[in-house]
Amino acid sequence: MKIIKFTNEGIYCIPGKFYLDPWYPVDYAIISHGHADHARWGMKHYLCHTLTKNIIKHRIGADISVETLNYNEPKTINGVQVSFHPAGHIIGSCQIRLEYKGKVVVFSGDYKIKEDGLTTPFESVKCHEFITESTFGLPIYKWQPEHLLKTQIHDWIQTNLSNNRTSVFFGYSLGKSQRIMKLLEDYGEIYVHNAIHHINNAIETSGVALPKTIRLDGNFKKDDMKNKIVIMPPALLGSKLLKRIPNAATAICSGWMQILGNRRWRGVDAGFVVSDHADWDGLLQAVKASEAEKVYVTHGSQASFSRYLNEIGIESEEVITEYGEEQINSEEKKTVETATSK
């Protein structure tokens, strides 16, 4: 008995007659989280976690039809019991559990195993079939403990202060920026770009407390920014706004820094391994904890990760989807352009 199939529009629940994070317009879309490659414009009706509602209304449109559920709150749709479970990826991110006639399928969306002190921690969900991402599905990707990452970042800021430099971090406005804010909490005044400020407002309106920040608009005085901390979206690398910040020391926060290291990639001064995705060990931990009989591997290093799972005795199949960071980059650019004009 098949519950799901992979179609041109996205992942389709056959008995439920709905889609999971579809990439083309459909009647009913169940959304795992607010990133642009998973929550897209054009659906007639959306179902998402309570904390994701304001995020997607801000990003997609205030007039969209959207319904919400909390974690572990079941809803039956055409005989399929649907429930959301924490994915640990970003605020409001979910694994989507489907149960139909005793068979359980879990779509993980994007997820992170390590706790970050901000996002609801990942929850393992047992199932017969598990759909997993594989963004960092290679053994080289292994994240260090949060306290060591925090020390690295704080040491870098301290060095910048001693050299009379302003510390500028680059991270996506949804997810990565809030993670950076948490790492920098109580370390100094944090200025955030308009795009991040608007996302923070959407999150806080849902009742989530975020570290205190100051909105950075285009009218700031250069002297006020000396030796401060600034967070910007990656789309502003090399921008006129960045060039206005006095004596800026720049850093990219990304899981890709695991292999790029501290080289001056894209002209920045430093790189920190900050990821909202599971590393190699985290992916394996999630797959094994699911006890799934069949694993579908989506975006990232899907061929390598799927092959490895088959080698260790876990039946796996590679699935090509339209998820991935390229779509997020495109959306990020639109968000920045919109917010900068406000």
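The values are calculated or read from the model by the stated rules, or taken from the named source; none is laboratory data. Please read all numbers here as calculations on a predicted model, not as lab measurements. Glycine also receives a Cβ, built like all others from the backbone with ideal geometry; neighbour counts cover every protein chain displayed. These accessible areas exclude ligands, DNA and RNA; they are computed on the full protein's heavy atoms, side chains included. Shrake-Rupley method; radii C 1.70, N 1.55, O 1.52, S 1.80 Å.
General remarks:
- Flag for Tyr46 being over 12 Å from Glu322 (Cα atoms), under 21 Å from the mean Cα position of the chain (by Cα) and open to solvent by 30 Å² or more (accessible area, probe 1.4 Å): no
- Wholly within the range 59-141, strands (runs of 3 or more DSSP E) carrying at least 3 residues that are out of contact with any helix residue (DSSP H, G or I) (no Cβ under 7 Å at 6 or more places or on another chain) and on the phi < 0 side of the Ramachandran plot: 75-77, 80-86, 94-100, 103-107, 129-134
- Residues that are without any contact (Cβ under 8 Å) to a residue 12 or more places away in the chain and among the polar types (S, T, N, Q), drawn from the range 274-324: Asn310
- Residue match in the range 146-163 (condition: in a loop (DSSP other than H, G, I, E, B) and either at pLDDT below 95 or among the hydrophobic types (A, V, I, L, M, F, W, C) (or both)): no
- Restricting the first member to the range 109-129 and to residues that are closer than 16 Å to Glu146 by Cβ, and the second to residues that are charged (D, E, K, R), the beta-carbon pairs closer than 6 Å and six or more apart or on different chains are Lys112/Asp276; Asp116/Arg179; Gly117/Lys182; Leu118/Lys182; Pro121/Glu115.
- Answer from Glu133, Glu129, Glu123 - the residue that is of a type in the set (Asp, Glu), at pLDDT 95 or above, out of contact with any Gly (no Cβ under 9 Å at 6 or more places or on another chain) and within 19 Å of Ile31 (Cα to Cα): Glu129
- Every pair of residues 6+ apart whose Cβ atoms lie under 6 Å, when the first sits in the range 64-83 and is within 17 Å of Tyr19 (Cβ to Cβ) and of a type in the set (A, V, I, L, M, F, W, C) while the second is modelled with pLDDT of 95 or more and assigned to a loop (DSSP other than H, G, I, E, B): Ile77/Gly16; Val80/Pro15; Val80/Gly16
- Subset tally (residues that are under 16 Å from Ala235 (Cα atoms) and open to solvent by 50 Å² or more (accessible area, probe 1.4 Å)) for the range 169-225: 1
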